[in-house]
């Protein structure tokens, strides 16, 4: 049974969230951390990942990972390099000896799969393919096209170029991305979330939560319930569960730490 931890606090507590699900950082060759950096809006607007979570992960893997990369692709109206610079991510990487990689400028390797929507073979950023461990660090927020932008939607952003061509079949494209690389761990930033007209024009919503899970579908399922949204009505979550990328039946998910009932609050949706 997959486990999802829900930790409440005035600031992020990654270690506690990982302890609840029994995840212990271990030695690895190449670690890739994928935050949600869709714009240069600061984390407290509810738009982007809190850098404190990235920093806590970098500290946890000091001396354990031979190479650490923090990655993102170009945003809707800004390049990833500009965003990372303005949000202090590049400076953070330099401080901890990690490397910043703009996936839109990475070397691309053709990967063949039985895709539902992506072109085949799909040009995939090399940094992602060579990782031993991928940690997905999404933001909890609503989304005008997907209803919610959580962990699965954040993985869609590994597409290096022209994401908009996949919008008509975005749920299938998200599943395709998971065929290429499913994250081993998701740590969700729900400290200050976003409701309303997300992913960029919504309203900040203080939640004070950090979620974690090895199962990328289970964590999105529980996050929806915390947001007062029925995950069965979120197409990409249901499809990802149907295609075997994780568990979307709530009765088969163990929630540890805070209960959903104790932290649930209804989010305004677009």
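Bear in mind these aren't lab numbers, they're just calculated from the coordinates by the rules spelled out. For clarity, every value in this text was computed on a predicted model and none was experimentally measured. Here the Cβ is made from the backbone with ideal geometry for all residues, glycine too, and neighbour counts use every protein chain on show.
Using just the helices of the chain, give the 222 nm mean residue ellipticity in deg cm²/dmol: DSSP H runs with n ≥ 4 each add -39,500 (n - 2.57), and the total is spread over all residues, rounded to 500.
Mean residue ellipticity, 222 nm, calculated: -7500 deg cm²/dmol.
In whole angstrom, how far apart do the alpha carbon centroids of the stretch 159-230 and the stretch 35-110 sit?
17
Taking Cα pairs under 8 Å and at least six residues apart, what relative contact order does the stretch 3-258 come out at, in percent?
For the stretch 3-258, the relative contact order is 26 percent.
If I model a spin label at residue 76 and residue 64 as a point 7 Å from the Cα along the Cα→Cβ vector, what separation in nanometres do I get?
Each label point is offset 7 Å from its Cα along the Cβ direction, giving 3.5 nm.
In which sequence would 77, 171, 40 go, from the one with the fewest C-beta neighbours within 10 Å to the one with the most?
Fewest to most other Cβ atoms nearby, the residues stand as 77, 40, 171.
Quickly rank 191-197, 64-70, 104-110 as a protection proxy: mean count of other C-beta atoms within 10 Å, highest first. Present the calculation step by step, with values, prior to reporting the outcome.
On the way: 191-197: 21.6, 64-70: 19.4, 104-110: 15.1.
Result, highest mean Cβ count within 10 Å first: 191-197, 64-70, 104-110.
Size of the stretch 3-258 along its principal axes in angstrom, Cα-based, largest extent first?
41, 40, 34
Would you kindly calculate the mean projected area, averaged across all directions, of the convex hull enclosing the Cα atoms of the stretch 173-270, in square nanometres?
6.3
Rounded, prolate or oblate: which fits the stretch 32-132, taking a ≥ b ≥ c as square roots of the Cα gyration tensor eigenvalues, rounded meaning a/c under 1.5, else prolate when a/b beats b/c?
oblate
Sort the following peptides by mean Cβ neighbour count (other Cβ atoms within 10 Å, averaged over residues), highest first: 251-261, 137-147.
The densest-packed peptide leads the list: 137-147, 251-261.
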